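So the structure is just underneath, and the comments pick up after that.
Bear in mind these aren't lab numbers, they're just calculated from the coordinates by the rules spelled out. Just so you know, these numbers come straight off a predicted model, no measurement behind them. Counting neighbours? That spans all protein chains shown, and the Cβs are built from the backbone with ideal geometry, glycine included.
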Amino acid sequence: MTYSIDGRTVSAEPRPGQCLRTFLRESGALGVKKGCDAGDCGACTVWLDGRAVHSCLMPAFRAKGHQVTTVQGLASGNALHPVQQAFLEAQAFQCGFCAAGMIMTVAALDEDQRADLPRALKGNLCRCTGYRSIADAVHGVGAIEQDVAGAACGASLPNPFSAGIVTGHARYTMDVDTADPALHGLLHLKVLRSPHAHARILRIDTAKALAIPGVVAVFTHEDVPKKLFSTATHEDHLVDPDDTLILDDVARFVGQRIAAVVADTEGAAEAGCRALEVDYEILPAVFDPLQAMAPDAPLLHPGNDGLAGGARGNVFLCLKGEVGSVAEGFAAAAVVHDETYSTSRVQHAHLETHGSIAWRDGDGRIHVRTSTQAPFITHKKLCYLFGIFPHDLHVFTERVGGGFGGKQEMLSEDLCVLATLKLGRPVKWEFTRPEEFLGATTRHQMTTRVKMGATADGMLTALEVHVVSNTGAYGGHGGETLAAALGSPLAAYRCPAKKAEGHAVYTNVIPGGGFRGYGASQTSFAIESALDDLAAKLGIDPFAIRRRNMIRPDDVIQSVWAEPSDVAFGSYGLDQCLDLVEAELASGKGDQAPEGDWAEGTGVALAVLEAGPPTEHRSGGEMRLLADGTYHLAVGSTEMGNGSVTAHRQIAAAVLGTRAEAIAIINADTDRAPYDTGTFASTGTVVAGQAVELTARALAAEILSYAARRTNTAPEDWRLTADAVESATQRISLAELCRLAAAEGHHLEAKRKAYLSPRTIGFNVQGVRLAVHRVTGEVRVLHSVHAADIGRLINPLQCRGQIEGAVAMGLGWALTEHMVHDAQGNILNAALRNYHIPAFADMPRTTVLFADTHDSIGPLGAKAQGECAINAVAPAVANALANATGVRFAHLPFTPDRIFDRLGRAAGAPS
């Protein structure tokens, strides 16, 4: 058969049942992405004779005789298609994984469809942007600014890989050329997952699987190193319990890996998994963390002694602390509020699923191309598990299609390396979308009891919090998220007496992991909701009670531990944030409530977050002057839509007085970049960015010093410009200076390291005006406003985009997202269409405002931007719902059925 793909003729025979998406990728059209293979996300959108279709739903043979156009064939010669150009100028992407499909959909719209984007874009999802920049691109609103030498910091410059993203040429983890000699003989790995929540494996019969044509090997718990580890990636591995094996003989949740099948094709590997025969001994299971804490509960990890606080049984960590006396504080209170709040278990839903490719080169080294937020920690863990010398292993990323904490985990790399070591051939494993729900990680579900006391004028006298965190079957991130839950949300308020107790509990559900907001989201929801409830009892305005009690610049930043902390005020803009949100909500902007039986309400919430975890976090930078007078920068952090690559180039350019385009960057590669703990916990700017600033300053000093030595002058006589060093009487181009240095065997280069201490603190305030239908429970957000104190804005466009994306994710958590389990632990909504992350039609346009501050700790006055914004969103929605209805909704998410039920009971309707 012959096919016309992007104007070229391809002669190939699709496999029986092959979809168009995989056929196109095998023909070289790697811009066609896989986000779901179910027609839900639109990442695979192409044109068939000019009509946009989801290629994952179309059999490949049906494209015969038609013109297939992918994003790679949309441009005309060297000129971008107008929609590609519009997406570039609006920077209508962050990770960029959805961009190719989104561009193909938009480029096929007529004028009537462009006027109704909520309907026209219903088949395309974006997890990063919040959709505002996409709407701007459709309407021709550009936002990027000129790259001016010496003025890079503070400019809205484009992502350096923008052209590759909008044309489909940017390479994500699975975008490899299988004709590459290194990948010759590529094998595919699939896993059999447990159908039981708790079971012991008695026997695995592999004979039928091995008999399937194309199956090369099957690996079970008998074939892997018997080394316990944690899939979580932290600098200090001791903060996570070593409770996991690569493959185990006990399954502790539905979806746990039981065996791995490696075959010549994915289809053969999947068939091999289906052919495995496994005998299980079913064990008692427990899904509720409160029940799991009971003395007679079935134990997930017998012999667990916990990490701290006398934890035992299914409680692997217990944290307690108190400052002042809450007993005295409650006795002195005029009003006491006591309520329990809970949050839901949600999925990251990054459009690029987890995946890795491992191979061995001619000199015996193992290479791992992977979608991780922490390649260097992954490198360490793989060396430990397989006894590999560090020099013999190379781990790297190219572009990563979203992370949000979900890729702060080693979930695919270990089995790929195992298979490559055993078989000597390249091995690829790419998660399916259902596997993300069944076998990755989630946000920790937490139940939080808040007891709060205050004087009659609203001054807090006591704050007590009890948290039970459902960490699932394994404890990675369980301790750190619990510590975060008991940290900044309590430190946000001045109170003479604070007390907290938290338990991280094993249960037979999918493990919790790192997730944007990282534990603080859950208790921020509870505390911010409780504060509004307390304000209502006192008859005090929600803004007023926050102003009276919020932390101030001369306060000690303290939650419930008396020990010294390295958290400090690098800047303070919380008061500005409250003022900005209050004024915007009062402006009358936004949509009006629909006519009919709708109640309208306004809510506010604030969030405080330290920039980085309390454990060790470090990063390095390397720079050198190149022969053409430009610069090379290497930094270990991962780019996954967080904007670190763009920000790091701008930081270096600002220090060196040049343009960002003069900085070529390499990142996230254990061979070619210096060590970096990982890109998580708000560290991409404050740690890696600090390393870049220190390195750039050192290189600038080295360049000026060398110029001075060459001319027998003093370094202070010289200054660095975009393309030269200049003194009052001389000018030497950077290219010439580099040539002179090279002739002497001297390299103009520098290397510096940065460590996460002290940690600055960021502030965010979210305001919401919404309408709720009194009968159906439908919620519509009419006005969303967010104010952030993130210090100096390295890239204002990027900062706004990060916050818009965080707000969108927070609205999804508040209103729609919830992983549903049945009584046996099966996940019932393991698909994007049933799980429902926000689509274009679900998102209001959020007004983003910034406090005017300059941080004394962060690089060039900047602070973290992308994480803390989510923490204030759900409680602001909850407080607006309470304001509208007079009913407190204390449990996420606020779906119409839950609202209908509560409003009906509040009105006295029969239950």
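With a ≥ b ≥ c taken as the square roots of the eigenvalues of the C-alpha gyration tensor of the chain, please select rounded if a/c is under 1.5 and otherwise prolate if a/b is larger than b/c or oblate if it is not?
Because its axes are fairly even, with a/c under 1.5, the chain counts as rounded.
So for the pair Ala79, Arg731, with labels modelled 7 Å out along Cα→Cβ, what separation do we get in nm?
The modelled label-to-label distance comes out at 3.7 nm.
Could you work out how far the C-alpha centroid of segment 758-810 sits from that of segment 311-360, in angstrom?
Result: 22 Å between the Cα centres.
If each of Arg709 and Met1 carries a label point 7 Å out from its Cα toward its Cβ, how far apart are those two points in nm?
For Arg709 paired with Met1, the spin-label model returns 6.7 nm.
Which helices pass in the chain if a helix is a full DSSP H run, must span at least 30 angstrom along its long axis by Cα, and must have mean Kyte-Doolittle hydropathy not below 0.0?
Span-like helices in the chain: 689-711.
So how far apart, in nm, are the two label points at Glu281 and Arg119 if each is 7 Å from Cα heading toward Cβ?
Placing both labels 7 Å along Cα→Cβ, they lie 6.1 nm apart.
Just to verify a number: FRET efficiency for Tyr675 and Glu328, C-beta to C-beta distance, R0 = 51 Å, to 0.05?
E(calc), rounded to 0.05, equals 0.60.
So what are the ³J(HN,Hα) numbers for segment 778-794, from phi and the Karplus equation (6.51, -1.76, 1.60; θ = phi - 60°), rounded to whole Hz, Gly and Pro as x?
Result, rounded to whole Hz: 5, 10, 10, 7, 8, 8, 10, 9, 9, 10, 9, 9, 10, x, 6, 7, 4.
R0 = 30 Å: FRET efficiency of Tyr755 with Ala701, Cβ-based, nearest 0.05?
Working: r = 21 Å, r/R0 = 0.68.
With a Förster radius of 30 Å, E is 0.90.
Which of the lysines could a cross-linker span from Lys753 if the Cα-Cα distance has to be under 30 Å and same-chain partners fewer than 8 positions apart are dropped?
Lys380, Lys381, Lys407, Lys863
If you put +1 on each Lys and Arg Cβ and -1 on each Asp and Glu Cβ, how big is the dipole of segment 334-477 around its Cα centre, in Debye rounded to 20?
420 debye
List the lysines whose alpha-carbon lies under 24 Å from that of Lys208, not counting same-chain residues fewer than 8 positions away?
Filter leaves Lys190, Lys422, Lys428.
May I ask for the net charge around Ala568, where only other residues with Cβ less than 11 Å from the Cβ of Ala568 are counted and Lys, Arg are +1 while Asp, Glu are -1? Each step should come with its number before you reach the end.
Numbers: positive: Arg759; negative: Asp566, Glu610, Asp855.
After counting each charged neighbour, the total is -2.
Go through segment 185-245 and name the trypsin sites (Lys or Arg not before Pro) that are in a DSSP coil and have 11 or fewer other Cβ atoms within 10 Å of their Cβ. Show your work: numbers first, answer last.
Numbers: sites: Lys190, Arg193, Arg200, Arg203, Lys208, Lys226, Lys227; in loops: Lys226, Lys227.
Counting only loop positions with at most 11 other Cβ atoms within 10 Å, the trypsin sites (Lys or Arg not before Pro) in segment 185-245 are Lys226.
What is segment 2-167's relative contact order, in percent, from Cα pairs under 8 angstrom and six or more apart in sequence? Spell out each step's value before the answer.
Numbers: 294 pairs, mean separation 40.0, N = 166.
The value is 24 percent.
Would you list which lysines come within 16 Å of Lys498, measuring only between C-alpha atoms, while excluding same-chain residues fewer than 8 positions from it?
Lys498 reaches Lys320, Lys451.
For Ala38 and Ala627 in the same chain, what is the full-extension length gain: residue separation times 0.36 nm, less their Cα-Cα distance, in nm?
The span from Ala38 to Ala627 would gain 207.1 nm if fully extended.
Please compute the Kirkwood hydrodynamic radius over segment 618-755, one decimal place, Å, based on all pairs of different Cα atoms.
Kirkwood radius, segment 618-755: 15.0 Å.
To the nearest 0.05, what FRET efficiency results for Asp49 and Asp180 with a Förster distance of 45 Å applied to their C-beta separation? Walk me through the numbers before you get to the answer.
On the way: r = 33 Å, r/R0 = 0.73.
That pair, Asp49 with Asp180, gives E of 0.85.
How much net charge surrounds Leu694 when only other residues with a Cβ under 10 Å from its Cβ are counted (Lys, Arg +1; Asp, Glu -1)?
Overall, the nearby charge balance is +3.
Where the centre of each part is set by its Cα atoms, how far does segment 430-472 sit from segment 655-687, in angstrom?
33 Å
In segment 591-616, whose amide N lies under 18 Å from the spot 7 Å out along Cα-to-Cβ of Arg547? List them in ranges.
603-607
Please list the non-local residues whose amide H lies under 5 Å from the amide H of Leu351, H modeled 1.01 Å from N, same-chain partners needing a gap of 5 or more.
For Leu351, whose amide H was placed from the backbone, the distant partners under 5 Å are Arg127.
Counting only residues 5 or more places away or on other chains, whose amide H sits under 5 Å from the amide H of Val820 once H atoms are built in the peptide plane?
HN-HN under 5 Å from Val820: Leu828, Asn829.
Let me check against my output: what whole-number percent is the relative contact order of the chain, with C-alpha pairs under 8 Å and at least 6 apart?
Numbers: 2363 pairs, mean separation 129.1, N = 911.
Result for the chain is 14 percent.
Let me make sure I get this right: for segment 360-409, a, b and c are the square roots of the gyration tensor eigenvalues over alpha carbons, sorted descending. Under 1.5 in a/c it's rounded, otherwise prolate if a/b > b/c, else oblate. Which is it?
Values: a/c = 3.53, a/b = 1.68, b/c = 2.10.
The shape class here is oblate.
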